[in-house]
Amino acid sequence: MDTGTEYQERFAGDRETMKTAIYYFTGTGNTLAVARDLATELGDTELIPIPRVIHQPEIVADADAVGIAFPVYFWNMPAIVRQLVQNLRFNGNPYIFGIATCGERPGGALFNLKTLLEEKGTTLTSGFVFVMPENYIGPIDLMGDAPHRQEKYTFAKSRIPSVGEAIRQRKVSVPEGSDSVLLKIGGRIACTLATSLYNTPRRLHATAACNLCGICEHICPTKNISVRADAVRWGRNCTQCYACIHWCPKGAIEIGGRTSRKPRYHHPDVTLADMLHQREE
Ligand SMILES: Cc1cc2nc3c(=O)[nH]c(=O)nc-3n(C[C@H](O)[C@H](O)[C@H](O)COP(=O)(O)O)c2cc1C
Ligand code: SF4
Ligand code: SF4
């Protein structure tokens, strides 16, 4: 593996061409908001929605610095982000950084990204965590941080210049978060409980408040929803982003019975149009 000094020297000659590409995935806009702020800070940065490229058999990253930005799910990466990394090929030898947004605890999400990249013969050179508002609404509602959302936005924004500078300087650092084996096991157990036992994706359904507007079908990053003349149906390819629940204009999507009458959330600077853009064909 590269040592910090070697790595920074290797990039020393590349300073005029600072093109950055950030592959991002978002369910409620937190990750997109952070990725956009970072893109503005860095300049010459392309934001690439992961759902738009995920079906390509090989995704070629062609930039001096490549970022992978995602929300943390169960102290890990979302399945769709793992799939991206598996299909990603890097042109040349870019500086690779991770951006993980989470509600409180990132666990080993960025370390898992590093391991995945190492299995491909490359590595994660740095990884940054941004604590943002919680969007996990079921089966346990963790969105009790609502009174502190503004503080989280403010703190996240305050970190952008230093993270941008670290990327510009091609700094090598240990990813933020924790590499604890216990957290890895805990994350797997939490994920199993939420997805297999409680079976969260299978319990998604639309209530009588649904007006069949079709937004959920077009927003779902994995094309897992179809809106028919008389009903909304979910398939089995759910990455658990909760976008359908939070963006339904009628608040008509529930997981079993535990999410009813609970407020929905999305980042205030991210619009429905932004979400539809993430998935556009
Ligand atoms: C299925 C699921 C699992 C989550 N697991 C975690 C977690 O392990 N740790 C944490 O701090 N936040 C967790 N969250 C909260 C999100 O990581 C956080 O709200 C993130 O910023 C959402 O980003 P987005 O708006 O870009 O989708 C989880 C959210 C969901 C939907
Ligand atoms: S977004 Fe909501 S209202 Fe629109 S079709 Fe889906 S469930 Fe129904
Ligand atoms: S079905 Fe809903 S929660 Fe599952 S991936 Fe699609 S939008 Fe996200």
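Only one residue of H148, L32, T123 has its Cα farthest out toward the positive end of the dipole of the chain, where Lys and Arg carry +1 and Asp and Glu -1 on Cβ, and that residue is H148.
For the chain, what log10 I(q)/I(0) values come out of the Debye formula at q = 0.16 1/Å, with one point per alpha carbon and no solvent? Cα-only, vacuum Debye calculation for the chain: -1.29. Over the chain, dividing the summed -39,500 (n - 2.57) contributions of all DSSP H runs of at least 4 residues by the number of residues returns a 222 nm mean residue ellipticity of -9500 deg cm²/dmol.
Among K152, K19, what is the fewest-to-most ranking by other Cβ atoms within 10 Å?
On the way: K152 19, K19 16.
Ranking K152, K19 by Cβ neighbours within 10 Å, fewest first, gives K19, K152.
Roughly how large, in nm² to one decimal, is the mean projection of the convex hull of the alpha-carbon atoms in the range 205-252? The Cα convex hull of the range 205-252, projected and averaged over all directions, gives 2.9 nm². Think of it this way: in the chain, C102, C191, C210, C213, C220, C238, C241, C248 stand alone, with no other Cys Cβ under 4.7 Å. Pairs exceeding a 26 Å alpha-carbon distance, out of K184/K250; K157/K223; K157/K184; K19/K114; K120/K223: K184/K250; K157/K223; K157/K184; K120/K223.
Here M132, M143 are placed in order of increasing Cβ neighbour count within 10 Å, fewest first, which gives M143, M132. A straight line joining the Cα centroids of the range 233-253 and the range 66-106 runs 22 Å. Couplings 3J(HN,Hα) of the range 229-236, computed from phi: 4, 10, 6, 10, 10, 10, x, 10 Hz, in residue order, whole Hz [Karplus 6.51 cos²θ - 1.76 cosθ + 1.60, θ = phi - 60°; x for Gly and Pro]. Our estimate of slack between S162 and D269, defined as 0.36 nm per intervening residue step minus the Cα-Cα distance, is 36.3 nm. The mean sequence separation of alpha-carbon pairs under 8 Å and at least six residues apart, normalised by the residue count of the chain, gives a relative contact order of 20 percent. Compared with the dominant Cα axis of the chain, that is its longest principal axis, helix 181-192 is turned about 30°.
Relative to the dominant Cα principal axis of the chain, helix 30-42 is inclined by about 30°.
When both bridge partners sit in the chain, DSSP labels roughly 20% of those beta bridges antiparallel.
Let's see if you can work this out: charge +1 on each Lys and Arg Cβ, -1 on each Asp and Glu Cβ, no other charges. What is the dipole magnitude of the chain about its Cα centre, in debye to the nearest 20?
Charge dipole, the chain, about its Cα centre: 1080 debye, nearest 20.
The order of I140, I99, going from fewest to most other C-beta atoms within 10 Å of their C-beta, is I140, I99.
Bear in mind these aren't lab numbers, they're just calculated from the coordinates by the rules spelled out. As the structure is a computational prediction, the values presented were derived from the model and not from experiment. Here the Cβ is made from the backbone with ideal geometry for all residues, glycine too, and neighbour counts use every protein chain on show.
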